[in-house]
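A short write-up of the structure that comes next.
Throughout, read-outs are computed from the coordinates displayed, never taken from laboratory work. What you see is a predicted model; the values in this text were computed from it and never measured. Glycine gets a Cβ as well: all are built from the backbone with ideal geometry, and neighbour counts include every protein chain shown.
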Amino acid sequence: MAEKPIFLTPEGRAKLEAELENLRTVRRAEVAERIHSAKEEGDIMENSAYDEAKNEQAFVEGRIMTIEQMLKNAVMIDETRVSDLVGVGSFVTVLERGDDDEEVYQIVGSAEADPLKGRISNESPVGKALLGKRIGDEVSVKIPDGVRHLKVTEIR
């Protein structure tokens, strides 16, 4: 089965690579030291510090595997491309019907989505609706609070 592509900006890839390096070099060693210390305390069968350290070890190893898989399936977003269509990496300015305030979104992969910073996933309802649209196009998007009617006013 083919793995789903993970769309990443260069910044997002760098963050994941830095996190992976930290997990491999720093966190693994810290957890190993905690396990070693807990073993020295005696019986590991009823040792909560040992159990916590082993749980953390499982989390760290799982996160390492997740990041490695994400990087393996990474598709880099070209933020410098110029297009008249909304795509992953585009900055899209929209105007909601009945509102005079424009909103700017960057369409990114789900790994980098941060709606509070205007970075929405290409898999989100708004992100999906905007993909492939041109300036002047209008979309209606079902969201948990109802329906949003958006008009694309700029693409960069």
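Observations on the structure shown:
- Paramagnetic reach from Asp84 in region 96-137 [backbone N under 15 Å; point 7 Å along Cα→Cβ]: 132-137
- When P(r) over Cα pairs in 10 Å bins from 0, in percent is computed from the coordinates, the matching label among [x] 11, 45, 37, 7, 0; [y] 10, 29, 22, 17, 13, 7, 2, 0; [z] 7, 8, 8, 8, 8, 7, 7, 6, 6, 5, 5, 4, 4, 4, 3, 3, 2, 2, 1, 0, 0 is [y].
- Pairs of Lys in the chain closer than 15 Å at Cα, counting only those 8 or more apart or on different chains: 7
- Region 59-104 and region 130-156 have Cα centres spaced 16 Å apart.
- The angle between the Cα long axis of helix 48-72 and the longest principal axis of the Cα atoms of the chain comes to about 40 degrees, rounded to the nearest 10.
- Length-normalised contact order for the chain - Cα pairs under 8 Å, 6+ apart - percent: 23 percent
- Å³ per residue enclosed by the Cα convex hull of region 91-155: 82 Å³
- FRET efficiency for Leu116 and Glu11, using Cβ-Cβ distance with R0 set to 25 Å, rounded to 0.05: 0.95
- Sequence-distant residues sharing a close amide H with Ile6 (under 5 Å, placed H): Ala74, Val75
- Antiparallel bridges, percent of DSSP beta bridges restricted to the chain (to nearest 5): 75 percent
- Degrees separating the helix 10-22 axis from the principal Cα axis of the chain, which is the longest one: 10 degrees
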